[in-house]
Amino acid sequence: MTKFSDLNLNPKVLKAVEEAGYESPTPIQEGAIPPALEGRDVLGIAQTGTGKTAGFVLPMITLLARGRARARMPRSLVLCPTRELAAQVAENFDTYTKHLKLTKALLIGGVSFNEQDKLIDKGVDVLIATPGRLLDHFERGKLLLTGVQIMVVDEADRMLDMGFIPDIERIFSLTPFTRQTLFFSATMAPEIERITNTFLSAPARIEVARQATASETIEQVVVMFKGSRRDREASEKRKLLRTLIDNEGENCKNAIIFCNRKTDVDLVAKSLKKYGYDAAPIHGDLDQSQRTRTLDGFRSGALRFLVASDVAARGLDVPAVSHVFNFDVPGHPEDYVHRIGRTGRAGLLGKAMMICISRDEKNLAAIEALVQKNIPRLDDPLAGDKPAPQADAAEVTDEKPVKPRRTRSRRKPDDAPQGAKEAPEKVETKTEAQPTAVEAPEVQPAPKPREEAKPGSRGGRSGHGGRSSDNSGGGSKVVGMGDHMPSFIALSFEDRRAG
């Protein structure tokens, strides 16, 4: 078995490694350190949790043990995608250089420019930075990269996901062509392959595991979840998460809970706190000081549950994480590998549990295709507790009764109920009278009186005065207008007399 003493590291570096408790290098360290010490470019491909950080820090500080830095001209540069990963590299640097007189500067967002400028002005051997903050210092004229001898790009695939590739290419162009480049990534997307072909010269390729594979020490399960109703899905999903945590019992010593969106990170953390779980959120919108305190509390064991976005998924070295819960199925299959890589590290056993809803089944299939295995399904422990749809409908009716419409009538309140009762009676009476109204024209003997009245009508006029012959000989008495009376009035009058 190879030991660190067989890798030709600086004796003072070896002493620091032994004091840290490490005896044998991991496969990526064993493969990357020798060619790096020879001054060759290195392309390292390995899953998370395999010790990539020490794989480039140890040879880098060995090569930098001799020499002196000049003001504003760092001798080496380490690029990291996130603040947390950059801070972790700085911690590794402090651990392994405790017996060497090497200086460093950490350039990340959320920290004052003035403090960082003071460190750069003194001259640093190792500059650890995120791409955005590094370019900010360069554009302000506070930094020169022409003295970089060794350049390290860590978690390159995460750089691609975060859109840093144009910045990386620009930074490469600002460094000397003769630099040594150490390039590390967990996966090799086509864009990453293009960059390595452009900026690396005959690199030593070290690939210790199949691309995008999870450690064999991690037990993986997925729960297929369907809410009782769409508006209840989110709350029932959070209840399922709490149930999964409770079912693990004492085996769940601590856990990282991953969500796809920052808003869900805050919501899940708040929900866990509400039900008595020791949880705190961490994502990119939080202040750097708060993110540092939260992460330190989780590492020390003061915090049990860390609810995180993918900002915490890449490269964070948190020892002895027993569980990883994927509250959401990640949109990119590679993110799943990085997420669950937070557990089962350094040969320890770990468990990764994921909640999958129906609309995420396509992403789940992509993950299984990437890891080349079917993730075992776990029965939903809440399947028997979900209310039936009929009960839901009744519950909604009880919760939201139909309110009576308001009227703007000026009637007194005492009169309103009486009017409300009379309205249906009128409608009912009208409804019953409708058949009689329709049949009335057939029963009414209207034509007969009209025929009897013909002698007194306008068509029966005779002589000069237009009087009817019946009226001249003591017949019917002329009433009112006589012959000048319209026939319809006469008919009505005769009818009334007949009645």
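The values are calculated or read from the model by the stated rules, or taken from the named source; none is laboratory data. Here the structure is a predicted model, which is why all the values come from computation and not from measurement. Glycine also receives a Cβ, built like all others from the backbone with ideal geometry; neighbour counts cover every protein chain displayed. When the accessible area is computed, the model is the full protein with side chains, heavy atoms only, and any ligands, DNA or RNA have been set aside. Shrake-Rupley method; radii C 1.70, N 1.55, O 1.52, S 1.80 Å.
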Subject >> Net charge of neighbours whose Cβ lies under 14 Å from the Cβ of Leu43, counting Lys and Arg as +1 and Asp and Glu as -1 >> reply: -2
Original post:
Counting Lys +1, Arg +1, Asp -1, Glu -1, what net charge surrounds Ile165 among other residues with beta carbon under 14 Å of its beta carbon?
Top reply: -4
Original post:
Can you give the convex hull volume per residue for the Cα atoms of the stretch 140-296, as a whole number of Å³?
Top reply: 202 Å³
Original post:
Say the cut-off is 31 Å between C-alpha atoms; which of Lys118/Lys262; Lys52/Lys98; Lys3/Lys142 go over it?
Top reply: Lys118/Lys262; Lys3/Lys142
**OP:** Lys and Arg at +1, Asp and Glu at -1: add these up for the other residues within a Cβ distance under 10 Å of Ile108 and post the number.
**Re:** +1
Subject >> Compactness of the stretch 269-365, expressed as Rg and Dmax over alpha-carbon positions, Å >> reply: 13.7, 38
**OP:** Past 18 Å, Cα to Cα, is the threshold; run Lys101/Lys122; Lys253/Lys351; Lys239/Lys270 against it and keep the listed order.
**Re:** none
Original post:
When all protein chains stay in place, what accessible area (Å², nearest 10, 1.4 Å probe) is found for Val124?
Top reply: 10 Å²
**OP:** Over the stretch 1-118, calculate the relative contact order: mean separation of alpha carbon pairs under 8 Å at least 6 apart, over the residue count, as a percent.
**Re:** 27 percent
Original post:
Cα extents of the stretch 1-127 along the three principal axes, largest first, in whole Å?
Top reply: 48, 30, 28
